[in-house]
Amino acid sequence: MQSNKSSSKKKKKKSRPKKQKTPGSHDDNHVGGKRKRAATSPQHHRTGSHPASNSSFHPSARRSAPTEAALALSSKLKELSSRKRLQEALRLYHDASNDAVRDGHHGSIMVDCCSRCGDVKAGERIVSDMEAAGTHVSLQAKTALLKGYSHSGQIKKGIELYRSMCASRDRRDQPNVRTLNTLLRGCLWTAASLHKTNDGDTPQREVSGGVITGEEAWRLSKGLNLSFDASSYEYSIALLCQALRCEEANRRLDEMKSALLA
């Protein structure tokens with residue numbers, strides 16, 4: 001009897017009918033009948049597109065794994081480059097038998113080989129051919145070409161290339177610290193000089209080389225929030241000292257201590 005009384009006291013929970021969603025109802029994923037877009041990270045906003053859409057800038061982004069023939073070609077080109085056998089490397093690179101496997105990676109190796117051997121014109125031609133064929137010219141290829149400009153004292157072309165890289169909307173094409181250091185070394189080797197420019201209706205003169213170009217590259221790199229390393233500071237401070245800009249050199253030295261020794 002006692003158990004019956006206790007059981008009678010228990011109230012049965014009424015099951016509530018599930019609320020059906022209507023086109024005008026609100027939930028976590030719908031607003032006004034339209035599904036909300038997934039939130040994008042700040043990096044997506046900086047690049048101006050979703051990472052998947054960036055593949056349009058890089059035709060090779062979705063390519064399959066390299067073939068044995070492509071790997072063999074890379075290995076042979078690297079070997080010839082290390083031995084500075086430029087003409088042999090050029091013949092192999094342009095050989096018709098490699099038309100089906102040649103890609104931007106092989107082009108980067110060749111541009112670096114041209115710069116190592118002091119033939120900047122040949123490196124420029126390879127870059128132009130890649131662009132004409134619709135092959136993406138990678139950051140590595142542009143850095144290799146910049147090395148050729150630095151070694152040959154063509155700092156005006158070097159800073160023009162660096163400006164174009166900094167202006168790229170795709171962050172993967174923007175310079176890294178290695179690219180900056182390559183240009184700064186060239187500035188150390190090349191004194192500032194005047195160059196004629198054809199910008200505008202009247203001819204202008206532009207100073208390039210030495211501390212002038214070095215400081216411009218430094219400002220551009222800071223605008224990209226590039227992380228400087230010890231070599232970057234060393235080259236930059238040396239350029240300021242060469243120009244007898246000692247107070248700025250001391251400030252750059254303090255900046256280096258704060259950045260690298262903190």
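The values are calculated or read from the model by the stated rules, or taken from the named source; none is laboratory data. Keep in mind that this is a model prediction, so the values were computed, not measured. Using ideal geometry, Cβ is built from the backbone for each residue, glycine included, and neighbour counts are taken over all protein chains shown. Side chains included, ligands, DNA and RNA excluded: accessible areas come from the protein's heavy atoms. Shrake-Rupley method; radii C 1.70, N 1.55, O 1.52, S 1.80 Å.
Please work out the ratio of the alpha-carbon Rg of region 103-262 to 2.2 N^0.38 Å and round it to two decimals.
Values: Rg = 16.2 Å, N = 160, 2.2 N^0.38 = 15.1 Å.
It is 1.07.
So if the hydrodynamic radius of region 116-210 is defined as the Kirkwood radius over C-alpha pairs, what does Stokes-Einstein give as its diffusion coefficient at 10 °C and 1.306 mPa s, in µm² per second? List each step's numbers first, then the result.
Details: Rh = 14.1 Å.
Answer from the Stokes-Einstein relation: 113 µm²/s.
Of 139, 77, which has the most accessible area with a 1.4 Å probe, and how do the rest follow in descending order?
Numbers: 139 20, 77 0 Å².
Ranked from most to least accessible, the order is 139, 77.
Hey, how many Å between the Cα centroid of region 133-178 and the Cα centroid of region 228-242?
If we compute the Cα centre of each part, the gap is 20 Å.
Express in Å², to the nearest 10, the accessible area of residue 79 obtained by rolling a 1.4 Å probe over the protein heavy atoms while all chains stay in place.
The value for residue 79 is about 80 Å².
Of 218, 189, which has the most accessible area and how do the rest follow, probe 1.4 Å?
189, 218
Keeping every protein chain in place, order 212, 237 by accessible area at 1.4 Å, biggest value first, i.e. largest first. Each step should come with its number before you reach the end.
Values: 212 80, 237 30 Å².
Correct descending sequence by accessible area is 212, 237.
Taking the Cβ of residue 177 as the centre, find all other residues whose Cβ is under 13 Å away and add up their charges (Lys, Arg: +1; Asp, Glu: -1).
Values: positive: 178, 185, 222; negative: 229, 234.
Net of charged neighbours comes to +1.
How long are the semi-axes of the ellipsoid equivalent to region 74-165, from square roots of 5 times the Cα gyration tensor eigenvalues, in whole Å, largest first? All intermediate terms of the calculation are to be shown ahead of the outcome.
Numbers: eigenvalues 89, 48, 18 Å².
With the √(5λ) rule applied to region 74-165, the semi-axes are 21, 16, 10 Å.
Rolling a 1.4 angstrom probe over the protein heavy atoms, how many square angstrom per residue are accessible across region 119-262?
Values: 7690 Å² over 144 residues.
For region 119-262, the solvent-accessible area averages 53 Å² per residue.
How much net charge surrounds residue 130 when only the other residues with a Cβ under 14 Å from the Cβ of residue 130 are counted, with Lys and Arg +1 and Asp and Glu -1? Walk me through the numbers on the way to the answer.
Values: positive: 102, 125, 142; negative: 99, 103, 112, 124, 129, 131, 173.
My count for the surroundings of residue 130 gives -4.
When only alpha-carbon atoms count, how far does region 163-248 stretch along each of its three principal axes, as whole angstroms with the largest first?
Taking the Cα atoms of region 163-248, the three principal extents are 41, 37, 21 Å.
Distance in nm between label sites at residue 67 and residue 224, each 7 Å beyond Cα in the beta-carbon direction?
3.4
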